[in-house]
Amino acid sequence: AASPHWSEQRGELIAATPLTARREQWLNTWPGEKAASAGWLPGWSSCPKADGAVPPGCVAALEVAADRSCFGAAAAWRDGDGPVRVVSRVSGSLQAALAVLEGWQPAVVMAGASLAAQAQGAWRTVPAGLKESRVATPWLADAVRRGLIAHDHDEETARQFGWARTALVESGELVSAKRSKGPVPGVKAAMWAAVAAGEEWHGSEEAMIW
């Protein structure tokens, strides 16, 4: 039940952050409660397995952990009306992650903003960040629920999906590195690549939202 107690501090918090404060102060829905849930997307582990090699010309993504302890790379593509296929890798260095991308031969790489200048290669680099995560977080959750995602079940990426938690923002929900239980660059790379392949945003400048 909603708390009956009121204070000036609560009023100040509501004035400063309307959406978050209303959920927390009036509905007793606190960030800690969401962070204690069993992962953001438990259905990820039940997705079908993606078979076959990564096709050249796919869309890929690259992100780094907040503490720069690891790098996540993912490639995604779609064959006709079939599921979006995602292959992901977690590496310990930028050089290793770039080598993974080079092996995939993507046409486009969506790179986290802090990596965009370094993520150069035989592809077009597109910066990615909060705006892309706000779109990709609910999109991937819905696609997994509807059985529209297949992936290679990479063990380290699966571990990061178990760590992933989300945060509520004014425009919706997004995967939050701060609230997650461990580094999640593999999660962000996978969801950026998946939604780009699923919506074919990388096909032309007009089709891209970033």
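The values are calculated or read from the model by the stated rules, or taken from the named source; none is laboratory data. Note that the structure is predicted; figures quoted are calculated from it, not measured. So basically every Cβ, Gly included, is an ideal-geometry build from the backbone, and we count neighbours across all protein chains shown. When the accessible area is computed, the model is the full protein with side chains, heavy atoms only, and any ligands, DNA or RNA have been set aside. Shrake-Rupley method; radii C 1.70, N 1.55, O 1.52, S 1.80 Å.
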In vacuo Debye sum over C-alpha of region 34-176, base-10 log of normalised intensity I(q)/I(0) at q = 0.13, 0.15, 0.22 Å⁻¹, listed in q order, is -0.56, -0.77, -1.66
Taking a ≥ b ≥ c as the square roots of the eigenvalues of the Cα gyration tensor, with a/c under 1.5 meaning rounded and otherwise prolate when a/b exceeds b/c and oblate if not, region 73-113 is prolate
For region 71-210, averaging the sequence separation of alpha carbon pairs under 8 Å that lie six or more residues apart and dividing by its residue count, the contact order in percent is 32 percent
Taking a probe of 1.4 Å and leaving out DNA, RNA and ligands, region 86-207 shows per residue an accessible area in Å² of 43 Å²
Ranked output for segments 117-128, 135-146 by mean other Cβ atoms within 10 Å, highest leading, reads 135-146, 117-128
